[in-house]
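A.B. asks: My structure is below; once you've seen it, I'll send some questions.
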Amino acid sequence: MNCKDFKEIADSYLSDELLVESNHDVLRHLESCPECRAELGARRELRERLRFAVKNLESSRIDAGFAMRAKSELRRQAFSNSSAWSFMGSKSILAGAFAALLVAVMAGILVQNQEAPDVVKTIDLPVNVRPNEQPIYEQASYIAARHDAIDDHENCALTHNLEENPISLDKASLIYGKANKNIDTAVMKPLRETFGDKTKLVMAHFCLINGRYFTHVVLEHQGKTVSVLLTKREDVEGPKNSDAATCHADENLRIACFESSDYSVFIISNLNEAENLTVARTISPSVKKHIEQAGV
C-alpha cells in the first residue's frame, strides 16, 4: 500500500468498514509512514469535532417528555392488567401493549444514541506473543494509539516539536478529566521509593499529537528519557490489558503498556526491554489507583 491508496480508504478505515486483510495493509503502511499517521490523526480529530457538534445540536435531541411518556406507557400496559399477556386476553390490549413496546424501544434507542458516549468500533488482530509473557490481544484502535504515543515521545519528550503548545495538568484536569491532576505524583512516588535518585521528573503536561490528546509525564531514569503517556481508550467496551507488559520493541524503542478504567497507559524509552518493563510495573499500581479514584 502507498500513501495514495491509504488516503482513498482512510475514512473507511476509521469507520471500520474494511475487510480484515485491508486493515492489516493499513496498519503495515502506518508503521513506516509518519505522514499518513498524521493524516489519520487529523481526520480522526475532524470526525470527533463534527460528531460532537451534531450530537449537541438542539434539533438532534429527543424530547425528554416524549421518552418519559413512552416508558410510562410501557409500564402501564405491562402491569395494569395481567390478562393482557394471556392468550385468553383481549386482542386489542395485546395490540396496544405491542405498540407501546415498539414506541418505547425506539425512544430508548434514540435516548441511548443521544446520551451514550461514542465508541469507535475496532477489529481484532492476531495475538502477539512475546517470550516468557502472556499474549497481548491487540486491536486496531490500540495500535493506532501506540503509534501516536511513539510520535509524542519523539516529538515532545525528545525534540519538543509539537503541533500546539501543551497545557498544565491542573488546567487539563478541569477540561479533560480529573485523572490529569497530580498524575505526575502518582508516577514519581513509587519510582523514587524504588530507585531513589536514579529517577528524576523532567516535566509533566497535557499535549496534542496527530489529533490525539495525551497526559505526558517525562522522566529521566538511569540517565535516559522515559515517557509515561496516558490517553483515553477509543474502544471502552473492549478487552483490557490490565497487567503491565511489553507491547512493542524495536532496535530504537521499547514500549510497555497497561490499561485502567477508560485510559491506556504507555511507557516508552530506549532502556533495554527488562528495564523499561520494570518501570511500567513499578508505577502500574499507583497510576491505576489514581485513575480509579479520579473517576469516583
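A.B. asks: When A140 is evaluated against the numbered criteria (1) in contact with a helix residue (DSSP H, G or I) (Cβ under 6 Å, 6 or more places away or on another chain); (2) at pLDDT 90 or above; (3) under 20 Å from A245 (Cα atoms), which criterion, by number, is the only one it fails?
C.D. replies: Of (1) in contact with a helix residue (DSSP H, G or I) (Cβ under 6 Å, 6 or more places away or on another chain); (2) at pLDDT 90 or above; (3) under 20 Å from A245 (Cα atoms), only one is false for A140: (2).
A.B. asks: Okay, next question. Please find, among L201, L229, the residue that is over 22 Å from the mean Cα position of the chain (by Cα) and modelled with pLDDT of 95 or more.
C.D. replies: Result of the check over L201, L229: L201.
A.B. asks: Does T278 count as modelled with pLDDT of 90 or more and open to solvent by less than 60 Å² (accessible area, probe 1.4 Å)? Talk me through it step by step, then tell me what you get.
C.D. replies: Numbers: modelled with pLDDT of 90 or more: yes; open to solvent by less than 60 Å² (accessible area, probe 1.4 Å): no.
Taking the combined requirement at face value, the residue does not satisfy it.
A.B. asks: I would also like to ask the following. Could you tell me which numbered condition E234 fails, if it satisfies all but one of (1) surrounded by fewer than 21 Cβ atoms within 10 Å (Cβ to Cβ); (2) at negative phi?
C.D. replies: If we test E234 against (1) surrounded by fewer than 21 Cβ atoms within 10 Å (Cβ to Cβ); (2) at negative phi, just (1) comes out false.
A.B. asks: Still on this structure, I have one more. Among the helices (runs of 4 or more DSSP H) confined wholly to the stretch 1-94, which include 1 or more residues that are modelled with pLDDT of 80 or more and surrounded by fewer than 13 Cβ atoms within 10 Å (Cβ to Cβ)?
C.D. replies: Working: elements: 3-14, 20-32, 34-55, 64-79.
Fully inside the stretch 1-94 and qualifying: 3-14, 20-32, 34-55.
A.B. asks: Same structure again: If you check S264 against the conditions, is it closer than 19 Å to A274 by Cα, modelled with pLDDT under 95 and open to solvent by less than 60 Å² (accessible area, probe 1.4 Å)? Give the steps one after another, and end with the answer.
C.D. replies: Working: closer than 19 Å to A274 by Cα: no; modelled with pLDDT under 95: yes; open to solvent by less than 60 Å² (accessible area, probe 1.4 Å): yes.
Answer is no for this residue.
A.B. asks: On to the next question. From the list G196, G177, which one is small (G, A, S) and within 18 Å of R233 (Cβ to Cβ)?
C.D. replies: G177
A.B. asks: Has the stretch 148-167 got at least one residue that is of a type in the set (S, T, Y), at pLDDT below 90 and under 25 Å from G223 (Cα atoms)?
C.D. replies: Checking the stretch 148-167: at least one residue is of a type in the set (S, T, Y), at pLDDT below 90 and under 25 Å from G223 (Cα atoms).
A.B. asks: Please go through the stretch 204-219 and give me each residue that is open to solvent by 10 Å² or more (accessible area, probe 1.4 Å) and either modelled with pLDDT under 95 or under 19 Å from the mean Cα position of the chain (by Cα) (or both), ordered by number. It would help to see each step written out before you state the result.
C.D. replies: Narrowing the stretch 204-219 to residues open to solvent by 10 Å² or more (accessible area, probe 1.4 Å): 204-206, 210-213.
Answer for the stretch 204-219, where residues must be open to solvent by 10 Å² or more (accessible area, probe 1.4 Å) and either modelled with pLDDT under 95 or under 19 Å from the mean Cα position of the chain (by Cα) (or both): H205, F206, N210, G211, R212, Y213.
A.B. asks: On to the next question. Would you check which residues across the stretch 186-202 are open to solvent by 80 Å² or more (accessible area, probe 1.4 Å) and not aliphatic (A, V, I, L, M) and list them?
C.D. replies: Matches in the stretch 186-202: K189, R192, E193, T194, D197, K198, K200.
A.B. asks: Where the second residue is assigned to a helix (DSSP H, G or I) and the first is farther than 14 Å from V265 by Cα and lies in the stretch 138-159, which pairs have Cβ atoms under 6 Å and are six or more apart or on separate chains?
C.D. replies: Here the result reads A140/N23, each pair linking the stretch 138-159 to a residue that is assigned to a helix (DSSP H, G or I).
The values are calculated or read from the model by the stated rules, or taken from the named source; none is laboratory data. These numbers come from a predicted model, not from an experiment. In this analysis, Cβ positions are derived from the backbone assuming ideal geometry, glycine residues included, and neighbour counts consider all displayed protein chains. Accessible surface is based on the protein model in full, side chains and every heavy atom, while ligands, DNA and RNA are left aside. Shrake-Rupley method; radii C 1.70, N 1.55, O 1.52, S 1.80 Å.
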